[in-house]
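Heads up: the structure comes next, in structure tokens.
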């Protein structure tokens, strides 16, 4: 598949533009000459500071608690090198390559705003490194999310300098060998540039981008799977009327109800029990518009904050040619991301919790009216009994992960940095909660399709049937007990990859996120 082009100018990056990278697509960056030229005034200010001998934080002084230590002009390049190497203290499993690639794009995009004081040649080098497929290895732990993602970004820059590890074409090797493989020398930094490269929130932001894109998919997948569960449980579509959304005055509820109604178009199953005596369904079926709708409302807010952050300046100090001032401020602080990712964590947990309850509605014969645990031969066979256990385990594991990271803080740099965001912790927790929730919804899909197969004489709604049929391409109907782990993995992949949503939308048209 040919590489896509992504044009950067510092102010126009969108989630949609980053989505192919999040899916692992190859990408080539393009930066116009006019954007490069826009970096020159800020760099000229840095050079004037050096010529005039002014004490300016991060340019001619030490860092953090060492802000008052003046540095000899002859040592400024060494200062930047030392900064990067001494801050490369990350630990834990490396970030996924697609997360690092997005972080590379985001950091460059912020620098292109022209207030970080870097040379044009450095920006060009960053573009060239990315376009030749150089992916630094970045450990996932070590950032407290203030002064930015210092440790993760330092590992990224250290790899550019030939330290640590990197990948080229998916092959991991020492960073110096990786640079040699793409015919580029190790990067050498000038005054201010090391600080400009590592002072920012771009690593937590990259993971947040992936989280939000996954949550968008889950928003649609959960509605489609719910429609199949409603069909399998002979539930009522009455709670999904638009009139009720109008009375509630909630846009998320309206979008959820609309999605489910769309998936239930032309359903013979709903028509077959329109006059049944069951007055109300359980909340996990009846209150889906409110529950999934609340998730959509949360996601909308999280997206709105992230949209602004994609083109934000997160450096310190800010070297601003428009005002002629050098600002020592705190744009690197990750609290906007930390708070909203905590919000997303809570919202995703809700999708997991209600999906697990719908699984119970499907497998429990006292609730479903179907054969116990959805096996044609209960007793000798256990069917999908233990799938509900797995869903319950994952939903419960989500709960401590939903504890907000943003309420925590621990001082760093000898109390100079006395309030931190823990934004990296927040985004990593959301990533894990998403993993669990995709698997729970996959289990619901598996159970709903199996339950649906007990009434093949009735046609399901177009979207629900599309979800059922797409699963059956990969997982056959359960006739007797078999090794089930591959079934769960296949259902999870359908949900997580977006394939399920694509199949449903092909049948009924676009769903609303």
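The values are calculated or read from the model by the stated rules, or taken from the named source; none is laboratory data. Please read all numbers here as calculations on a predicted model, not as lab measurements. Every residue, glycine as well, gets a Cβ built from its backbone with ideal geometry; the counts of neighbours run over all protein chains shown.
Observations on the structure shown:
- Among the residues of segment 126-140, those identified as in contact with a helix residue (DSSP H, G or I) (Cβ under 7 Å, 6 or more places away or on another chain) and assigned to a loop (DSSP other than H, G, I, E, B) are 137, 138.
- Candidates 92, 53, 38 - the one that is out of contact with any strand residue (DSSP E or B) (no Cβ under 8 Å at 6 or more places or on another chain) and on the phi > 0 side of the Ramachandran plot: 53
- The requirement of being touching a residue at least 40 places away in the same chain (Cβ under 8 Å), more than 28 Å from residue 55 (Cα to Cα) and more than 19 Å from the chain's Cα centre (by Cα) is satisfied by residue 182.
- For segment 393-406, a residue qualifies if it is assigned to a helix (DSSP H, G or I) and buried (at least 17 other Cβ atoms within 10 Å of the Cβ), and the qualifying residues are 394, 395, 398, 401.
- If you filter segment 2-25 down to residues that are touching a strand residue (DSSP E or B) at 6+ places or on another chain (Cβ under 7 Å) and assigned to a loop (DSSP other than H, G, I, E, B), you find that the one that is nearest to residue 207 (Cα to Cα) is 25.
- Flag if residue 449 is surrounded by 15 or more Cβ atoms within 10 Å (Cβ to Cβ), on the phi < 0 side of the Ramachandran plot and part of a loop (DSSP other than H, G, I, E, B): no
- Among the residues of segment 454-474, the one identified as surrounded by fewer than 21 Cβ atoms within 10 Å (Cβ to Cβ), under 18 Å from residue 260 (Cα atoms) and out of contact with any helix residue (DSSP H, G or I) (no Cβ under 6 Å at 6 or more places or on another chain) is 469.
- Residue check, residue 477 at pLDDT 95 or above, farther than 27 Å from residue 258 by Cβ and surrounded by fewer than 24 Cβ atoms within 10 Å (Cβ to Cβ): yes
- Taking the listed residues 346, 384, 367, the one that is touching a helix residue (DSSP H, G or I) at 6+ places or on another chain (Cβ under 9 Å) and closer than 24 Å to residue 494 by Cβ is 384, with no other qualifying.
- Search result, residues across segment 456-489 that are touching a residue at least 40 places away in the same chain (Cβ under 8 Å) and either assigned to a loop (DSSP other than H, G, I, E, B) or under 19 Å from residue 390 (Cα atoms) (or both): 458, 459, 460, 461, 478, 479, 480, 481, 484, 487, 488
- When segment 231-247 is filtered for residues that are more than 8 Å from residue 257 (Cα to Cα) and without any contact (Cβ under 8 Å) to a residue 24 or more places away in the chain, the ones remaining, listed by number, are 238, 243, 246, 247.
- Selection count where residues are surrounded by fewer than 24 Cβ atoms within 10 Å (Cβ to Cβ) and at pLDDT below 95, scope segment 333-344: 3
- Here residue 511 meets the list (1) crowded, with 21+ Cβ neighbours inside 10 Å; (2) modelled with pLDDT of 95 or more; (3) in a helix (DSSP H, G or I); (4) within 27 Å of the chain's Cα centre (by Cα) almost entirely, failing just condition (3).
- The condition of being part of a helix (DSSP H, G or I) and surrounded by fewer than 24 Cβ atoms within 10 Å (Cβ to Cβ) does not hold for residue 190.
- Some residue of segment 365-376 being closer than 24 Å to residue 149 by Cα, more than 31 Å from the chain's Cα centre (by Cα) and buried (at least 17 other Cβ atoms within 10 Å of the Cβ): no
- Breaking point among (1) at pLDDT 95 or above; (2) more than 30 Å from residue 235 (Cα to Cα); (3) part of a helix (DSSP H, G or I), for residue 347: (2)
- In the set (1) in a helix (DSSP H, G or I); (2) in contact with a helix residue (DSSP H, G or I) (Cβ under 8 Å, 6 or more places away or on another chain), residue 502 fails one condition alone, (2).
- The listed residue being closer than 26 Å to residue 41 by Cα and surrounded by fewer than 24 Cβ atoms within 10 Å (Cβ to Cβ), out of 123, 169, 96: 123
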